[in-house]
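Here is the structure we will look at, set down as structure tokens.
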Amino acid sequence: MKELNILFTAAGRRVSLLRSFRSAMNDLGIEGKIYAADAGLSAPASFVADEKVLLPRVDSAEYIPLLKSICKEHKIGLMISLIDTDLTLLSQYKDEFAVEGVKVLVCDESTNKICFDKLSSYDFYVANNISTPEVLKDSAVKMLTEGDLPIMIKPWDGSCSVGVNVINTLDELSFYKKNTHHPMVQRLIKGDEYTCDTYVDFNGKVRCVVPRKRLETRAGEVSKGLTVNDPVIIEAVIDCVNKLPHAIGCMTVQCFKQSDGDVSFIEINPRFGGGHPLSIHAGANFPKWILQEVTTGSCDASFDSWQDDLAMLRFDEEIIVPGSAIR
């Protein structure tokens, strides 16, 4: 019987993901606890974990020392981050955690910097001949006319679609340019939007890509989606991810497929995305593959592991706990 304790940082609302890891642990005969860490006591995922732990915000000087202490106290063997803001930081310390026997499932610092900073992402796409909507320099933005609109504006360091706005008038452009933190102006493209869950094994090889067509979103996450086995999208995603300096684990790649067949990339998140349950239910069992690699050094991930044309229709679910549990 194998043993493994897992720590999720920024567990937040990832109830389904923690349950999927527990299910995979049971299927593989792995004993151990799942720990959910968050900056608040009210994170829903912490109530489906075996134990919850409280962390300061990622910008605290105590963040890494406390994480190390938690890992040592609870004999953590695998740590997985579920938010963008601590990925780069964890990548800087992953070797120190490894010395203590903790596998931090995180890409190298160079890859995280490319993915977190959307301006760096754009430079990466351009340098590698990867199709992407043009990002406009300030000089080009000043020359825009009403005929050039609509256009997109968003924070270059944003997350969860916060601060993303479609601009239809020059007055709106002026307003949002002044009131968006770290604004980035980008050409607006049309087409079907896809989020592609991509599994990269511990040797850096892409082993599975599941394109999920985004039918409806809410609060920056897909609420209705559909798996689509599109070879053009899959090949484009493989090419994109292979050009990153170092990818590992779940890479969430967002793109548009336009009417002419062009696949244009807009964002890469080197972590589990909010729509991952659809891919897992379709058969692309990322939690199982990760656990197989951690415990045996290999996994049975494959491109034909998942079901095409499977839909996810989300709804709200409640977790009811005593008020004292969140104070």
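The values are calculated or read from the model by the stated rules, or taken from the named source; none is laboratory data. Here the structure is a predicted model, which is why all the values come from computation and not from measurement. Because the Cβ atoms are built from the backbone with ideal geometry, glycine has one as well, and the counts that use them run over all protein chains shown. All accessible areas refer to the heavy atoms of the entire protein, side chains included, with ligands and DNA or RNA removed. Shrake-Rupley method; radii C 1.70, N 1.55, O 1.52, S 1.80 Å.
Any idea how many residues of the range 170-181 are open to solvent by less than 70 Å² (accessible area, probe 1.4 Å) and not acidic (Asp, Glu)? Matching residues across the range 170-181 total 6.
Entry remark, the range 108-137: residues being among the aromatic types (Phe, Trp, Tyr) and more than 15 Å from Val237 (Cβ to Cβ) number 2 in total. The set of residues in the range 176-198 being under 20 Å from the mean Cα position of the chain (by Cα) and β-branched (Val, Ile, Thr) consists of Thr195, Thr198. When each of Val58, Val104 is tested for being in contact with a strand residue (DSSP E or B) (Cβ under 7 Å, 6 or more places away or on another chain), surrounded by 19 or more Cβ atoms within 10 Å (Cβ to Cβ), within 28 Å of Thr198 (Cα to Cα) and of a type in the set (A, V, I, L, M), the lone residue that passes is Val104.
Take the conditions (1) at pLDDT 90 or above; (2) surrounded by fewer than 18 Cβ atoms within 10 Å (Cβ to Cβ); (3) not hydrophobic (A, V, I, L, M, F, W, C); Gln186 misses just one of them, which is (2). Among residues of the range 61-86 being modelled with pLDDT under 95 and crowded, with 21+ Cβ neighbours inside 10 Å, the one that is nearest to the chain's Cα centre (by Cα) is Leu82. For Lys118, state whether it is at pLDDT 95 or above and of a type in the set (D, E, K, R). Taking the combined requirement at face value, the residue does not satisfy it.
Residues that are modelled with pLDDT of 95 or more, in contact with a Gly (Cβ under 6 Å, 6 or more places away or on another chain) and not hydroxyl-bearing (Ser, Thr, Tyr) within the range 216-252 comprise just one, Gly225.
The numbered conditions (1) more than 18 Å from the chain's Cα centre (by Cα); (2) within 20 Å of Gly273 (Cβ to Cβ); (3) open to solvent by 70 Å² or more (accessible area, probe 1.4 Å); (4) not charged (D, E, K, R) are all true for Thr132 except (3).
One residue alone among Pro211, Pro245 is farther than 19 Å from Ile114 by Cβ and either crowded, with 23+ Cβ neighbours inside 10 Å or over 15 Å from the mean Cα position of the chain (by Cα) (or both), and that residue is Pro211.
Checking Ala36, Ala45, Ala24, Ala11 one by one, the residue that is part of a strand (DSSP E or B) and open to solvent by less than 10 Å² (accessible area, probe 1.4 Å) is Ala36 and no other. What do you reckon, is Ile167 buried (at least 20 other Cβ atoms within 10 Å of the Cβ) and at pLDDT below 95? Yes, satisfied. Here the range 216-240 is the region considered, the condition is being open to solvent by 20 Å² or more (accessible area, probe 1.4 Å) and of a type in the set (Gly, Ala, Ser), and the residue that is farthest from Asp316 (Cα to Cα) is Ala236.
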